[in-house]
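> Mind looking over this structure? Questions follow.
The values are calculated or read from the model by the stated rules, or taken from the named source; none is laboratory data. Everything numeric in this text was worked out from a predicted model, so none of it was measured. For neighbour counting, all protein chains shown are included, and Cβ atoms are generated from backbone atoms with ideal geometry for every residue, glycine included. Keep in mind that these areas ignore ligands, DNA and RNA; they rest on the heavy atoms of the full protein, side chains included. Shrake-Rupley method; radii C 1.70, N 1.55, O 1.52, S 1.80 Å.
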Amino acid sequence: MSSSWRKYETRKRDPNPKNVALLVIDLQNYFSSMAKPILHNALTTIDLCRRASIPVFFTRHVHKSLTTDTTMLGEWWNGDLILDGTPDSELIAEIGRQVKGQEEVVEKNTYSGFHNTCLQEKLVEIGVEEVIVIGVMTNLCCETTAREAFVRGFRVFFSTDATATVNEELHHATLMNLAYGFAYFVDCDRLRRGLLRN
């Protein structure tokens, strides 16, 4: 299973540190058990990007109310949503410490980091043309954000070792889909080598 997506990875490219941004998706306490296995790689990716002066954007998936701010997710997940202001809604401590100075944490209430947020405007404002996606869940918020970035005209790089979901099957299904039609892949080693070349 571990290489099931590799046959679809026919395109390879390195991010351009001059016009790429890192999107750190939903590394919150609610998802801590699923994020724990990739936390080291997520922190490594953040560090590599910071060393290359790549801007970093964080997202938090939150709902302001469980009665009026649920979108379709309330129905789909039987009301098991992340309420803003609760411990589950906060960034995992190790990730929260990574938020620097004036960096804004983009709040969203659906799978996409772009839908009804200021993310695209902020990226365009600083000349971003490419995004690297890391975080959770591979097959929901990370995949939806990656696909929407592609549709909005951003070149997409998707981490294979700093994204996670509930099981390997769903993780690999997303990687197959993205390799086929939406994203170039990176991992910590490839990103390190690619950024050193630039």
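> Going by the structure shown, is Thr145 closer than 19 Å to Leu73 by Cβ, surrounded by fewer than 24 Cβ atoms within 10 Å (Cβ to Cβ) and among the β-branched types (Val, Ile, Thr)?
no
> Here's another thing I want to ask about it. State yes or no: is Phe157 out of contact with any helix residue (DSSP H, G or I) (no Cβ under 6 Å at 6 or more places or on another chain), open to solvent by less than 20 Å² (accessible area, probe 1.4 Å) and either at pLDDT 95 or above or of a type in the set (Phe, Trp, Tyr) (or both)?
Yes: the conditions hold for Phe157.
> Anything in segment 127-142 that is surrounded by fewer than 24 Cβ atoms within 10 Å (Cβ to Cβ) and either acidic (Asp, Glu) or in a helix (DSSP H, G or I) (or both)? List them, or say none.
Passing the criteria: Glu129, Glu130, Asn139, Leu140.
> Considering only residues that are farther than 13 Å from Val136 by Cα and either at pLDDT below 95 or touching a Gly at 6+ places or on another chain (Cβ under 8 Å) (or both), which ones fall in segment 5-49?
Trp5, Arg6, Lys7, Tyr8, Glu9, Thr10, Arg11, Lys12, Arg13, Asp14, Pro15, Asn19
> What's the number of the only condition in (1) without any contact (Cβ under 8 Å) to a residue 12 or more places away in the chain; (2) under 16 Å from the mean Cα position of the chain (by Cα) that Gln102 fails to meet?
Here Gln102 clears every test but (2).
> Can you name every residue in segment 163-193 that is touching a strand residue (DSSP E or B) at 6+ places or on another chain (Cβ under 7 Å) and within 10 Å of Leu48 (Cβ to Cβ)?
Those that are touching a strand residue (DSSP E or B) at 6+ places or on another chain (Cβ under 7 Å) and within 10 Å of Leu48 (Cβ to Cβ): Val186, Cys188.
> Give me a count of the residues in segment 7-47 that are open to solvent by 80 Å² or more (accessible area, probe 1.4 Å), in a loop (DSSP other than H, G, I, E, B) and either in contact with a helix residue (DSSP H, G or I) (Cβ under 7 Å, 6 or more places away or on another chain) or hydroxyl-bearing (Ser, Thr, Tyr) (or both).
Going through segment 7-47 one residue at a time, the tally reaches 1.
> Moving on to the next point. Just give me the residues in segment 57-72 being assigned to a loop (DSSP other than H, G, I, E, B) and not β-branched (Val, Ile, Thr), in sequence order.
Lys64, Ser65, Leu66, Asp69, Met72
> How many residues are of a type in the set (A, V, I, L, M, F, W, C), closer than 19 Å to Cys142 by Cβ and open to solvent by 20 Å² or more (accessible area, probe 1.4 Å) if we restrict to segment 56-82?
Here the count works out to 5.
> Name the pairs: first residue in segment 62-79 and farther than 21 Å from Leu91 by Cβ, second residue small (Gly, Ala, Ser) and at pLDDT 85 or above, Cβ to Cβ under 7 Å, at least 6 apart or on different chains?
none
> Scanning segment 173-188 for residues that are of a type in the set (Phe, Trp, Tyr) and surrounded by fewer than 19 Cβ atoms within 10 Å (Cβ to Cβ), which turns out farthest from Gln28 (Cα to Cα)?
Checking each candidate, the answer is Tyr180.
> Hey, could you check segment 143-189 for residues that are assigned to a strand (DSSP E or B) and within 14 Å of Met34 (Cα to Cα) and say which is farthest from the chain's Cα centre (by Cα)?
This residue is Asp161.
> Name the residue, out of Leu191, Leu170, that is of a type outside the set (Val, Ile, Thr) and open to solvent by 20 Å² or more (accessible area, probe 1.4 Å).
Leu170
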